[in-house]
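Enquirer: Below is a structure I'd like to ask you about.
Every number in this text was worked out from the coordinates using simple rules, so none of it is lab data. In this text, all values refer to a predicted model and were calculated from it rather than measured experimentally. Ideal geometry is used to build each Cβ from the backbone, glycine not excepted, and the neighbour counts take in all protein chains shown.
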Amino acid sequence: MANWNDPRASAAGFPTSATQMDAAVDAGLRSYMLSVYNYMASGVLLTGIVALLAYQSGFTASMVGTPLMWVVALAPLAFVLVLSFGINKLSTGAAQAIYWVYAAVMGLSMSTIFLAFSGVSIAQTFFATAAAFLGLSLYGYTTKKDLSGFGTFLIMGVIGILVAMLLNAFIFQSGAMATAISVVGVLLFAGLTAYDTQKIKSMYFYVQGTDFIGKSVIMGALTLYLDFVNMFTFLLNLLGNRE
């Protein structure tokens, strides 16, 4: 008959009580979420550095009005699609490499904001977005309320706002509509920040102890990166001082 109180279990480093098991899970979750946030923050930092260098070097101004502008604008979408639909076939190392390249290319795409907005308003909006993101993500991580019910509504909202942006860009060209889109966009991605944080937290319990955990970190970082960048962009369109 097995001896469940065998002291060798404790000596071997295995948890011997529910409290120890809970502590081990909490430590693993914190490490997992910290990795997600580190990748996300590093990606945002890389994007910002590349955007600033591209603008200061004159590359951004040189590509405006050329076919290269469309390539740079659409390239980030291609990387997101590769990661989203090919993550199961990619190695963890490949997923990491694609994420870093994506963040850099996104920097080239976003460098055009320096042509449209003052540097002061860009900095102010960035820090405002960072503060809002931290608060919303912390809420998503700590709340006991199940936010999964908001997922469908938020995703439908994002699809709706994309359609509205296309219609306004090519048909209506209305300043009032653009302002309304920016307001709704900020609210949608604020909600998605909390929702996605809770979803990423829940995902840990499915991937812990598996080979997929490294790729799960990358996908979580990409999700929060997109929430941050989109919230920043809509907030900048709403509050930024144009050049």
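Enquirer: Multiply the residue separation of Asn38 and Val64 by 0.36 nm, subtract the distance between their alpha-carbon atoms, and state the gained length in nm to one decimal.
Expert: My answer for the length gained is 6.1 nm.
Enquirer: Can you tell me, using C-alpha contacts under 8 Å and at least 6 residues apart, the relative contact order of the chain as a whole percent? It would help to have the intermediate numbers written out before the result.
Expert: Details: 214 pairs, mean separation 71.3, N = 243.
It rounds to 29 percent for the chain.
Enquirer: Using 0.36 nm per residue of separation minus the Cα-Cα distance, give me the extension gain between Thr152 and Ser84 in nm, one decimal.
Expert: Length difference between fully extended and current span is 22.7 nm.
Enquirer: Counting only other residues whose beta carbon sits under 11 Å from that of Phe150, what net charge do I get with K and R as +1, D and E as -1?
Expert: After counting each charged neighbour, the total is 0.
Enquirer: State, to one decimal in nm, how far the label point of Gln124 lies from the label point of Tyr139, with both points 7 Å from Cα in the Cβ direction.
Expert: Roughly 2.4 nm, to one decimal.
Enquirer: Please express the shape of the stretch 27-239 as an equivalent ellipsoid: the semi-axes are the square roots of 5 times the eigenvalues of the C-alpha gyration tensor, given largest first in whole angstrom.
Expert: Whole-Å semi-axes of the equivalent ellipsoid: 28, 21, 16.
Enquirer: Can you grab the distance from the C-alpha centre of the stretch 90-118 to the C-alpha centre of the stretch 137-206, Å, no decimals?
Expert: Distance between centres, Cα-based: 21 Å.
Enquirer: Let me ask something additional. Per 0.36 nm of contour for each residue apart, how much would the distance between Trp100 and Val71 grow if the chain were fully extended, relative to their Cα-Cα spacing?
Expert: In short, 8.7 nm is gained.
Enquirer: Assuming R0 = 22 Å, what is the FRET efficiency of Leu53 and Ala169, from their Cβ-Cβ distance, to the nearest 0.05?
Expert: Details: r = 28 Å, r/R0 = 1.28.
About 0.20, to the nearest 0.05.
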